[in-house]
Every structure is written in C-alpha cells, then in structure tokens.
1. So which GluC sites (Glu not before Pro) in the stretch 290-382 end up in coil per DSSP with only 12 or fewer other C-beta atoms within 10 Å?
2. In square nanometres, what is the average projected area of the Cα convex hull of the chain?
3. Place the peptides 31-40, 97-106 in order of packing, highest mean first, counting for every residue the other Cβ atoms within 10 Å and averaging per peptide.
4. Using only Cα atoms, locate the centre of the stretch 221-289 and the centre of the stretch 321-339, then give the distance between them in Å, rounded to an integer.
5. Can you list the GluC sites (Glu not before Pro) in the stretch 106-175 that are in a DSSP coil and have 12 or fewer other beta carbons within 10 angstrom?
6. 7 Å from Cα along Cα→Cβ at both LYS234 and ILE332: what's the point-to-point distance in nm?
7. LEU343 to ASN134: extension gain in nm, 0.36 nm per residue of separation minus the Cα-Cα distance?
8. Quick check for me: using +1 on Lys/Arg Cβ and -1 on Asp/Glu Cβ, what's the dipole size of the chain about its Cα centre, in debye to the nearest 20?
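Nothing in this text is a laboratory measurement; each read-out follows from the coordinates by a stated rule. Please read these numbers as outputs of a predicted model, since none were measured by experiment. Backbone-built Cβ (ideal geometry, glycine too); neighbour counts: all protein chains shown.
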Amino acid sequence: MKESSNMKKIITVIGARPQIIKAAALSRAIQEKWDSHLEEVLVHTGQHYDENLSAVFFDEMNIPRPKYQLEVGSGLHGAQTAKMMIDLEAVVLKEKPDAVVVYGDTNSTLAAALVAAKLHIPLIHIEAGLRSFNKSMPEEINRILCDHCSTLLFSPTKSGIHNLENEGFKKGNAGPYSADNPLIVHCGDVMLDNALYFAQKAQETKSLPAEISGDFALATVHRPYNTDDPQRLKAVMQALMDIYTKHKMQVVLPLHPRTKHLLEQHLPEFFDGMKTSPALVLCEPLGYLDMILLESQAKLIVTDSGGVQKEAYFFKTPCIVLRTETEWTELIESGAAKLSFDLDKIDQHVDTLLSHPPQEWPAFYGDGKAAEFIAEKLLQTL
C-alpha cells in the first residue's frame, strides 16, 4: 500500500459467496487505480464458509485474503446477527475507518449496517434499492433496513433508484452526506464488471464437465422454501429431471452443501436415483470461473439464486426463476426470465424460452465499469 496524506480507509464486510464475487470488482478497481488513495480492509464474517463456496474464490479472482475472519458460522437469525455485531464492532473500533462498505442483503450486511450506524460511521450500500416487495423474505428486511442506515447508496438499476425515491430518498442531494442527508446514485452492476472481466479467462482455462453430451441446462437450488420441505425438494428435483425426459437436455446441478445434506437426510433413496440418472450431471459447488463458463454455454438456466439469474442475463441465457418474485424485476418484464414457483409451469416455460428466446437484451446493468465509478465517487465524497 502506497502512503498518501489523503488516504481514506474503508472496511468491506462480506459473509457469503456472492458477496466475495461482488467485492472482487471494487477490490480490483482500488488495486489498479486508487491504491494510493483508498485502503481497503476486508472482513469475512464467516456467515457461510466452505472451501469450495468461499476460499477458492479468493484465489481464483485474485482477491486479497480477509484481514479479519470472524468465523461466526450458521445459526438462528437473531443469534447469528448479534454475534456478528459484537465482533464487527470490535473491528470497526480498532480500525477507525472512514466508511463501512456492504453488499446485498445478507445477515452480514444487516449486522455491519447496524454497527456502522450506531458508531456514526458512514455506511456505503452497494446494490441499494432492490426490492422484491415480499417482507416475509429475511433478505427484503435486510435490504430495507440497510438502505435506511446508509450515507451513500449505489443502485445497480434505474428501478432501484425509483424504489428509493418511493421510500422518501431524494436524488441530487448536495453534500456533506450523512444518513440524514444520503446520496443515491445509479452506478450499474459490479457483477457485470466481473462477468466481462473473467469470461475470457474462463473460456481459456476451464472446460465443461466430461459427462455433458450436447445441449444442457444449468440449475442451482438452495433457498429454504425450495429445500426445507422434503416433498417440495423432491418435486423440484423431479422437475429438473423432467427437462431431460421432455426436452432431451441434461441438467448440470452443482449441489449446495445444505441442499445435499437435506437430500441425504430426508430423501436418501430418491437421491440415490438422482446420482445414477442420465438426466443430471451432479457436482460439488463450483468456482466462479467454472460457473460463468456453464452460464455462458447453457441453453437454459433454472435457479432460485438472485446472482445466478442476473448472470444468466449477462450471457444472454434464458432463465427460469424458482421463486414467487424477484428483486431483479427487469428480467421478468423483458421476457428474459420466467417466474415459476408453481412447478407445474416449468415445462411450459422451458418450451417458451427454448422455442422463442428473447431477441433483445437491453443494457439494464450498465457498461461493466460500475466498480471504477463507485471507487471514484467514494474518493469525492468521503
């Protein structure tokens, strides 16, 4: 780190695999252009930590290892968030940052937001303004509370800015900025930055699983409403296998550890059948480069992940979203994705997306330079 009289320090808090990916874009921008002006201290709460789900990403994406690894682990929402707040408060008091940066909508995001607010440290929320309009989702509560604690709010989409305005935020506020006088900015999506940056590397260094023959679909399933009820979980997996039966297309399914555990615990015989089925290519969780290679070459993606449905759009791959709603509403409105919590409709959506794929892919998520924009704005405002 180069020394500078006007050096600003930010603490970046991450806790789950998608946040590692998002943080990579800003870390890269700082390293390449602003390392003499911005010092980044990376903190991993350990909310989700698995060697395949987390550690490999730091190596693969050339992200500095976290200075602090809190190892909070899983647990009930209240206990997990409280433990994070205790540990994060100690880190913030020690480091004395100029700002705390958070991504998305996890409990790690909420914990860091509350700590920053209580200590009167400016909070920077990247992916601000996203709304599913379903407050039964913990993520929705986390998004809203975090936004209303923030000093700088960076929204990846124009719809996110619209949502913030509907909640009382004002565009064009003059500084100095605070939680009472926040700045809201449309910046584009840092995930697009990474997709563009790493896509070529993935094509050059990675290959598709050998079991794949011909066209294939990619699926990810991990959210509790698709996994915690054994009958629902079985129906989801059967719907994926039906894609092969009806459309002669294998489904590549990287199994989240939690999903795998629930299959082994509640549906052992059915899971054994999945392992031998020609319909599925089962694999362990994949690194980022392997995932974007699959996303870019799949004919279809089926997912309940917010990040994967958006990456599907980056690579112009039609997507079925196994949810009742999505915070990425423009995907549905454009016809690039179909909501399908009702599993009986999956086959209909597969037919539609394969026979009549979207012809236009508007640039909802910017130009791939969101992280550079964010870093420059931080220097201007902190």
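1. Numbers: sites: GLU295, GLU311, GLU325, GLU327, GLU330, GLU333, GLU360, GLU372, GLU376; in loops: GLU325, GLU327, GLU360.
Taking the stretch 290-382 and a limit of 12 other Cβ atoms within 10 Å, the loop GluC sites (Glu not before Pro) found are GLU360.
2. Working: hull surface 72.8 nm².
With every direction weighted equally, the projected area is 18.2 nm².
3. Numbers: 31-40: 16.8, 97-106: 25.3.
Descending packing order for the listed peptides: 97-106, 31-40.
4. Here the two parts' Cα centres lie 22 Å apart.
5. On the way: sites: GLU127, GLU139, GLU140, GLU165, GLU167; in loops: GLU127, GLU167.
Sites meeting the loop and neighbour criteria: GLU167.
6. Roughly 2.9 nm, to one decimal.
7. Length gained, LEU343 through ASN134: 73.2 nm.
8. Taking the Cα centre of the chain as origin, the dipole is about 440 debye.
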